[in-house]
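Derivation of every value follows stated rules applied to the coordinates shown; laboratory data play no part. Everything numeric in this text was worked out from a predicted model, so none of it was measured. Neighbour counts are summed over all protein chains in view; Cβ atoms, including those assigned to glycine, are modelled from backbone coordinates with ideal geometry.
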């Protein structure tokens, strides 16, 4: 069942846009400079990695969209079943949000050959970003039915996205054009790690809070089936005891 839009709901739903934008803005601005200026990736490896990323980026959008919604494509979802859809999307965000933060942080620490790291990091980052955008955008339609309610939630997202852009301005304190060749990267790496930790924790807090709001009273069919079986067993035992008493009463004059 869909709930009315509240300030509490808007904060938690909109804040997920913040946890995405504080990392994605830095990724767009620095990931090429990091691999070219700091890791010294060669031109062939760079364009090979970009080609792999181009193919992966073209495939994962429709693939992940189909995988996330395939169970709903062949059936009509009733209003009473909407809670299960919301909970499913929140679980996906609770998993992919922290993994998105981890995929962001591995850009800024050299852990293998630059050519391999470039392709792997791009594909992992884009995959988790796609899952977040997919479920976060679809969750808007599941949480709000009316157009004004959806506009209300989008307003929260816009405000938090604008706040997330501040990470770009702060990053100039820790990064400059000579950081890769002459300066140290430790302040910038620490800055990225702090932002990734904030994003990871934020996704967990927001999704868990929304799960309590929407999934706290969700029915669990397996539990209900177990309780029903116990009830049937109890009734059967009671019937057996009553039958045994009647049998003893009928046979008592003959004994």
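For region 26-137, what relative contact order do you get, as a whole percent, if you take Cα pairs closer than 8 Å and at least 6 residues apart?
Details: 65 pairs, mean separation 49.1, N = 112.
This gives 44 percent for region 26-137.
Ranked by the mean number of other Cβ atoms within 10 Å per residue, highest first, peptides 99-107, 8-16 order as 99-107, 8-16.
Taking R0 as 30 Å, what FRET efficiency do you get between residue 173 and residue 209 from their Cβ-Cβ distance, rounded to the nearest 0.05?
Details: r = 32 Å, r/R0 = 1.06.
With a Förster radius of 30 Å, E is 0.40.
Sorted on the mean count of surrounding Cβ atoms within 10 Å across their residues, most packed first, peptides 119-125, 27-33 read 119-125, 27-33. Prolate is the label for region 41-156, because a/c, from the alpha-carbon gyration tensor with a ≥ b ≥ c as root eigenvalues, is 1.5 or above and a/b exceeds b/c. Assuming R0 = 25 Å, can you tell me the calculated FRET efficiency for the pair residue 193 and residue 11, based on Cβ-Cβ distance, to the nearest 0.05? E(calc), rounded to 0.05, equals 0.50.
Classify region 7-218: rounded, prolate or oblate, from the alpha-carbon gyration tensor (a ≥ b ≥ c, eigenvalue square roots; a/c under 1.5 rounded; otherwise prolate if a/b is larger than b/c)? It is prolate, given that a/c is not under 1.5 and a/b is the larger ratio.
Ordering 126-133, 206-213 by mean Cβ neighbour count within 10 Å, with the highest value first, yields 126-133, 206-213.
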